[in-house]
Amino acid sequence: MGTDPRAAGALLARARTLHLQTGNLLNWGRLRKKCPSTHSEELRDCIQKTLNEWSSQISPDLVREFPDVLECTVSHAVEKINPDEREEMKVSAKLFIVGSNSSSSTRNAVDMACSVLGVAQLDSVIIASPPIEDGVNLSLEHLQPYWEELENLVQSKKIVAIGTSDLDKTQLEQLYQWAQVKPNSNQVNLASCCVMPPDLTAFAKQFDIQLLTHNDPKELLSEASFQEALQESIPDIQAQEWVPLWLLRYSVIVKSRGIIKSKGYILQAKRRGS
């Protein structure tokens, strides 16, 4: 389709919200030319290629509408789960709060993931520690609004199990004692501790909390790196006007075989002041 190269910039100049979804990265084929060495590199690569692919296929109808909410995706990579196969799949997600202090981001992210994958419920959602100011230690108060929203989603049957990331024994114990829906897992970054802390291991064993490992950086997506990716893909926009609110990474695993059938990213960004 012969798209006016300025169309993407014109749409972003008028829109208030951007929803970006990569679709199943395993379906990207020609878009994947190299293997990124880190999660941050992979994510930035995905954002740029999704923007490039979307901007090359904008329909004239969309330009005439100038929607408030832009749905930016790689259409041929979108893959919903076959309802007949749902019971055979485990759908897991990890949610990263980037530039939002609103707990409603949690519900928005889960609702969008369910819609993208064509499912009524996610089997597991882990929330990464929300961003806090430098020099401030993560406390229960930082986590509570997001956890309460996750609990609501469990009670409304949108999520089966919820977990945390990078909590030490004291933080996990405080959350466990306060929470109505208890965390069933806690991820530990082995880059920061080569061996599981014994006090954390003992607490997790006592309360049947699964300890998992991960290698995500402390900041998977910064405001600056998102804006750089946006500017490089669509040069004629004011990229600094756009702030990423949250990012969700999902995976769909065939339970009986332990193989990944689908994985991808979903992201929401807003224009400042909108």
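Figures for the structure shown
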quantity: Residues of region 1-154: accessible area per residue with a 1.4 Å probe, Å²; calculated: 48
quantity: Amide H within-cut-off set for Gln210, under 5 Å, with H built and near neighbours excluded; calculated: Ser185, Asn186
quantity: Efficiency of FRET between Lys90 and Arg6 - r from beta-carbon atoms, R0 30 angstrom, step 0.05; calculated: 0.10
quantity: Rounded to 5, percent antiparallel among DSSP beta bridges of the chain; calculated: 55
quantity: Cα-Cα over 19 Å, subset of Lys158/Lys218; Lys157/Lys261; Lys94/Lys157; Lys182/Lys205; Lys169/Lys263; Lys80/Lys255; calculated: Lys158/Lys218; Lys157/Lys261; Lys169/Lys263
quantity: Region 177-271 - charge dipole about Cα centre, Lys and Arg +1 at Cβ, Asp and Glu -1, debye rounded to 20; calculated: 660
quantity: Dipole of the chain [Lys/Arg +1, Asp/Glu -1 at C-beta], most positive-end residue of Cys72, Ile132, Trp147; calculated: Cys72
quantity: Ellipticity estimate at 222 nm from DSSP helix runs (n ≥ 4, -39,500 (n - 2.57)) divided over the chain, nearest 500; calculated: -10000 deg cm²/dmol
quantity: Whole-number percent relative contact order across the chain, with pairs defined as alpha carbons under 8 Å at least 6 apart; calculated: 28
quantity: Inter-probe distance in nm under a simple model that places probes 7 Å from Cα toward Cβ, at Gln210 and Glu41; calculated: 3.0
quantity: Percent carbon-and-sulfur accessible area, region 16-128, ignoring ligands, DNA and RNA, probe 1.4 Å; calculated: 50
quantity: Heavy-atom surface of region 173-274, accessible at 1.4 Å and reported per residue (Å²); calculated: 53
quantity: Point-to-point label distance, Val254-Val78, nm (Cα→Cβ direction, 7 Å offset); calculated: 2.5
quantity: Segment Ser139-Gln231, length gained on full extension (0.36 nm per residue, minus Cα span); calculated: 29.6 nm
quantity: Intensity falloff of region 180-272 expressed as log10 I(q)/I(0), Debye formula with alpha-carbon point scatterers, at q = 0.22 Å⁻¹; calculated: -1.13
quantity: Which label in [x] 1.17; [y] 1.03; [z] 1.10 gives the computed Cα Rg over 2.2 N^0.38 Å; calculated: [y]
quantity: Region 139-274, accessible surface, carbon-and-sulfur percent (1.4 angstrom probe); calculated: 50
quantity: Computed label-point distance, nm, for sites Lys157 and Asn52 using a 7 Å Cα→Cβ extension; calculated: 4.4
quantity: Potential extension, Lys263-Lys182 segment - 0.36 nm per residue separation minus Cα distance; calculated: 26.5 nm
quantity: Relative packing of 46-52, 222-228, 181-187, 139-145, which averages over residues the other C-beta atoms within 10 Å, highest first; calculated: 46-52, 181-187, 222-228, 139-145
quantity: 12 Å beta-carbon shell around Ile209, net charge (K/R +1, D/E -1); calculated: +1
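The values are calculated or read from the model by the stated rules, or taken from the named source; none is laboratory data. Not measured: the values here are computed from a predicted model. Positions of Cβ are generated from backbone atoms using ideal geometry, with glycine treated the same way; all protein chains shown enter the neighbour counts. The area values use the complete protein model at the heavy-atom level, side chains included, leaving out ligands, DNA and RNA. Shrake-Rupley method; radii C 1.70, N 1.55, O 1.52, S 1.80 Å.
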